[in-house]
Amino acid sequence: MNDLTGRTALVTGASRGIGQAIAIRLAAGGATVIVHYGADEEGAAATVGEIERGGGNAFAVRARLGVDGDVETLFAGMEQGLAGRPLDILVNNAAAPPAGPLGSTTSAEFDHLFAVNVRAPYFIIQRALDLMRDGGRIVTISSVATRMANPAQTSFAMTKGAIETMSLTLANELGARGITVNAVAPGATRTPANASVFEAPGLAGFIAGSTALDRLGGADDVADVVAFLASDAARWVTGQVIDASGGLFLGPRT
């Protein structure tokens, strides 16, 4: 297990799904975790409770992303809980879901996607750098939607493409401080929050059959990749997009 003892980590969107799994995994490695949530207070409390039952340390901070003042609200709560301690790890996981195909996406939906998925992570990083120690870790969750054509996710894929470009350029900028910046791109990932989606007849089998490792992903599969990038073992990895999809849609399977 990657040793994160004595470090602090902020995970946005950590009240459920992949974000919850990441928060629990980082805490298991020894990090004190700031569990950010937007509205799901019960889910955030469950994340904190799971961490504490495992012997870890965590506290929750509420801030709705994609609105004016979101970053200030987030960091006010976070700094209060940290009580002067610096930040070591930032995981930008919170994201708005796909809004739909070109023909049905409204300008308001489009703007909301970019506000949550692009603007918020960008300015969270900007603000976090004042608190982050040299040698810190920044990981942003992207998606395999950037490497495949899905007409139902055009605007969503655009936001994730922006995140990947941001990670590349910031890696170059922040390297002098020893800060690594990477993105992780999950594929179809089943979590308790979205399990019903995969109950559609034939869907789970189709996705598994289109994946090199022949199964659906789970939140822990992604969390372990993030934990690696947050650790000293990944000190020489920066500016990369790590595909954590099990090889989804790599090509025909014979």
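The values are calculated or read from the model by the stated rules, or taken from the named source; none is laboratory data. From a predicted model like this one, the values you see are computed outputs, not experimental measurements. So basically every Cβ, Gly included, is an ideal-geometry build from the backbone, and we count neighbours across all protein chains shown.
Out of the residues in region 171-227 meeting the condition of being among the hydroxyl-bearing types (Ser, Thr, Tyr) and out of contact with any helix residue (DSSP H, G or I) (no Cβ under 8 Å at 6 or more places or on another chain), tell me which one is modelled with the lowest pLDDT.
Here the residue is Ser196.
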Please go through region 84-111 and give me each residue that is more than 22 Å from Ser167 (Cα to Cα) and of a type in the set (S, T, N, Q), ordered by number. Ser104, Thr105, Thr106, Ser107
Quick check on Arg137: is it within 20 Å of Leu26 (Cβ to Cβ) and surrounded by fewer than 18 Cβ atoms within 10 Å (Cβ to Cβ)? no
In region 166-196, the residues that are assigned to a strand (DSSP E or B) and within 17 Å of Val144 (Cβ to Cβ): Asn182, Ala183, Val184, Ala185, Pro186, Thr189, Arg190
Boolean, Gln153 is part of a helix (DSSP H, G or I) and modelled with pLDDT under 95: yes
Residue under question is Pro98, and the condition is that it be modelled with pLDDT under 95 and either within 16 Å of the chain's Cα centre (by Cα) or closer than 13 Å to Thr8 by Cβ (or both); does it hold? yes
The residue from Ala145, Ala149 that alone is closer than 26 Å to Leu216 by Cβ and in contact with a Lys or Arg (Cβ under 8 Å, 6 or more places away or on another chain) is Ala145
